[in-house]
Amino acid sequence: MQKSECHGGVQLRNRVTGNCDQRISSSTQIKNRTTFQRSKSSSSTSSPESTRKHPRPSDKLNPKTINPFGEQSRAPSAFAAIYSKGGIPCRLVHGSVKHRLQWECPPENLPFDPLLITLAEGLRETKHPYTFVSKEGFRELLLVQGAADKAVPLLPRLIPVLKAALAHSDDEVFERGLNALVQLSVVVGPSLNDHLKHLLTSGSLIIIKAKIPTYCSICC
């Protein structure tokens, strides 16, 4: 009788111990699962994708640039399309101090029609490198020998293009258009007089009068 009771007590203790082990094992699994979920949630919130990006100091050192060969959200302008297809026979060369243009052939060998007009149309661009290429290309083309003889026949087509730059809402575009007009006036001289009345407005008259040489009869 005592052996039976003793045997029954051992079975009861084993059953209680087994249940206790199961509860401990279940508690450990729940604790491990909770720890894993917290670690996963922490890693997702601290991942680079979720971290807010801040502008780098170097971003302020670079001009607003556009890639002429990349995909654009909007259709490129006429000048940008011509430039990206190699229609402008020069390329921008980045220097450590200043940029410059590298021509595919000497500028004096290039036809002004339609290159000079195309460069004048590029003066209305607002993104780099188009702004520099159009401005510097227009200036360098007018510096070649015999530029006057090549530019005078193009004045009826150049003046409307320069007028569009002078009427632009962007101050930098207006300044580029004004500088181009001054450069053109130096090259063609009094031949520009008959065309000035087509581009002068009351708002720009005073500014242009201060820039254009005194031989222009309209401004004097």
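The values are calculated or read from the model by the stated rules, or taken from the named source; none is laboratory data. Computed from a predicted structure; not experimentally measured. A quick note on method: Cβ atoms are made from the backbone with ideal geometry, for glycine too, and the neighbour counts reach across all protein chains shown. To get the accessible areas, we keep the full protein, side chains included, count just its heavy atoms, and leave off ligands, DNA and RNA. Shrake-Rupley method; radii C 1.70, N 1.55, O 1.52, S 1.80 Å.
Below, the figures for the structure above:
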{"read-out": "Across LYS150/LYS197; LYS98/LYS197; LYS127/LYS163; LYS85/LYS135; LYS127/LYS197, pairs whose alpha-carbon gap is larger than 25 Å", "value": "LYS98/LYS197; LYS127/LYS197"}
{"read-out": "ASP113 versus ASP170: modelled label distance in nm, points set 7 Å from Cα along the beta carbon direction", "value": "3.0"}
{"read-out": "Highest-first arrangement of 174-180, 155-161, where packing means the average Cβ count within 10 Å", "value": "174-180, 155-161"}
{"read-out": "Packing-based ranking, highest mean first, of 181-190, 143-152 given that Cβ atoms within 10 Å are counted", "value": "181-190, 143-152"}
{"read-out": "Highest to lowest packing among 134-141, 162-169, 119-126, scored as the average C-beta count within 10 Å", "value": "119-126, 134-141, 162-169"}
{"read-out": "Accessible surface, the stretch 109-195, averaged per residue in Å² (probe 1.4 Å)", "value": "42"}
{"read-out": "For the stretch 77-165, size of Cβ-based charge dipole, Lys and Arg +1, Asp and Glu -1, in debye", "value": "300"}
{"read-out": "Separation of the LEU143 and THR126 label points, Cα + 7 Å toward Cβ, nm", "value": "2.9"}
{"read-out": "Using θ = phi - 60° and Karplus 6.51 cos²θ - 1.76 cosθ + 1.60, couplings along the stretch 186-197 (whole Hz; Gly, Pro as x)", "value": "5, 7, 8, x, x, 4, 7, 4, 5, 9, 5, 5"}
{"read-out": "Percent accessible area from carbon and sulfur atoms, the stretch 114-162, protein chains only, probe 1.4 Å", "value": "54"}
